[in-house]
Amino acid sequence: MPRDPDGYRVALTRARALYPGVRIGRPGRARTYWATIAAMRLLRLRMSVHVTGSENVRPGAAILVGNHVSAMDPVAAVMTHWWRVTAFTKVEVFERRGAVFFRLMGQIPLRRGDEESSRWALDMATRTLADGGKLGLYPEGTRSPDHRSLHRLHKRILIPVIEANPDVPIHAITTSYPGKRHGRRRVEVALSPALAIDPRTMDSDEIVTTIREALLALGGMPYVDAYARDIKASRA
């Protein structure tokens with residue numbers, strides 16, 4: 001049952017001031033979420049999704065920190081689970097064609113580099129976890145330029161979310177796409193046990209290192225010690 005409905009309404013009012021004219025729906029609490037998930041499961045007719053480690057994630061709130069190689073990554077994570085997973089999405093997406101999907105899924109808009117937007121998004125993330133939902137984080141900040149490597153992780157959202165929710169378990173989640181089989185796109189999703197992270201006793205570098213090493217061990221992908229966005233900018 002969602003908590004603090006009055007506080008949530010106040011947060012939506014703040015969002016209208018932050019994003020005037022942008023329809024953002026109900027982040028973390030979209031009433032259309034489950035119907036959308038049911039419809040998305042039809043994609044399994046075109047995709048073969050294999051998940052390992054689901055048993056590592058207990059019911060209730062959790063932070064899922066993933067690599068990011070495809071726009072399908074968040075979709076693959078929920079196609080095989082009846083979990084409410086909410087993720088941050090750049091606000092520009094809510095202004096484009098296809099924005100309706102992100103509203104139906106209740107994703108949290110975020111304007112990069114805007115401190116007030118970041119504070120609001122972090123508040124919505126904490127509300128999502130307090131409701132017992134799962135929060136998806138992709139701290140590379142953008143999709144991998146080579147669609148397979150893990151890149152340096154940003155701390156700007158990752159660390160504040162973890163510090164604000166120190167008792168919520170954190171799991172690594174990796175997604176890969178090893179080709180097709182019988183005309184269906186193959187998707188491999190792996191979930192780790194809860195990571196040994198305590199923001200009350202660990203600094204931000206220790207937290208990032210623990211998450212990075214967990215992702216690399218789980219997914220077996222190569223690591224590039226540079227931000228993905230910088231690599232993309234250098235190629236533009």
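Surface listing: Asp167, Asp123, Asp203 arranged by accessible area from highest to lowest gives Asp167, Asp203, Asp123, probe 1.4 Å. Under 5 Å from the amide H of Thr52 lie the amide H atoms of Val189, Ala190, Leu191, each residue being 5 or more positions distant or on a separate chain, with H modelled from the backbone and absent for Pro and chain starts. Note on the chain: Kirkwood hydrodynamic radius from all Cα pairs is 18.3 Å, rounded to one decimal. For the chain, the solvent-accessible area works out to 50 Å² per residue, with a probe of 1.4 Å and every protein chain left in place. In the chain, the DSSP beta bridges split such that about 20 percent are antiparallel, to the nearest 5. A dipole drawn for the range 32-164 from +1 and -1 charges on Cβ atoms has a positive end, and of Trp34, Leu122, Gly132 the residue lying farthest that way is Trp34. So for the range 83-160, what percent of the C-alpha to C-alpha distances run longer than 14 Å? Beyond 14 Å sits 65 percent of the P(r) for the range 83-160. So what is log10(I(q)/I(0)) for the range 28-166 at q = 0.09 1/Å, when the Debye sum runs over its Cα atoms only? With one equal scatterer per Cα and no solvent, log10 I(q)/I(0) is -0.26. Counting protein heavy atoms only, the range 138-211 has 48 percent of its accessible area on carbon and sulfur, 1.4 angstrom probe. Hey, what D do you get for the range 108-236 in µm²/s if you plug the Kirkwood alpha-carbon radius into Stokes-Einstein at 37 °C and 0.692 mPa s? Answer from the Stokes-Einstein relation: 203 µm²/s. Basic side chains Lys and Arg get +1 at the Cβ, acidic Asp and Glu get -1 at the Cβ, and with that the dipole of the chain about its Cα centre reaches some 1400 debye.
Among Thr209, Thr32, Thr201, which one moves the most in a GNM of the chain with springs linking Cα atoms closer than 10 Å? Among Thr209, Thr32, Thr201, the largest GNM mean-square fluctuation belongs to Thr201. Lys155 contributes an accessible area of around 80 Å² to the protein surface, as traced by a 1.4 Å probe with all chains present.
Under the combined filter of DSSP loop state and at most 13 neighbouring Cβ atoms within 10 Å, the range 1-45 retains these trypsin sites (Lys or Arg not before Pro): Arg3, Arg23, Arg31.
Using a 1.4 angstrom probe on heavy atoms only, work out the carbon and sulfur share of the accessible area of the range 1-130 in %. Carbon plus sulfur share of accessible area: 56 percent.
Would you mind classifying the range 171-236 by shape? Square roots of the alpha carbon gyration tensor eigenvalues, ordered a ≥ b ≥ c; an a/c under 1.5 is rounded, otherwise it is prolate if a/b is larger than b/c and oblate if not.
Here the range 171-236 falls in the oblate category.
Accessible-area rank, largest first, for Arg148, Arg186: Arg148, Arg186, with all protein chains present and a 1.4 angstrom probe.
The values are calculated or read from the model by the stated rules, or taken from the named source; none is laboratory data. Predicted model only: the values in this text are computed from it and were never measured. All Cβ positions, glycine included, derive from the backbone under ideal geometry; neighbour counts span all protein chains shown. Note: accessible area is taken over every heavy atom of the protein model, side chains too, but ligands, DNA and RNA are not part of it. Shrake-Rupley method; radii C 1.70, N 1.55, O 1.52, S 1.80 Å.
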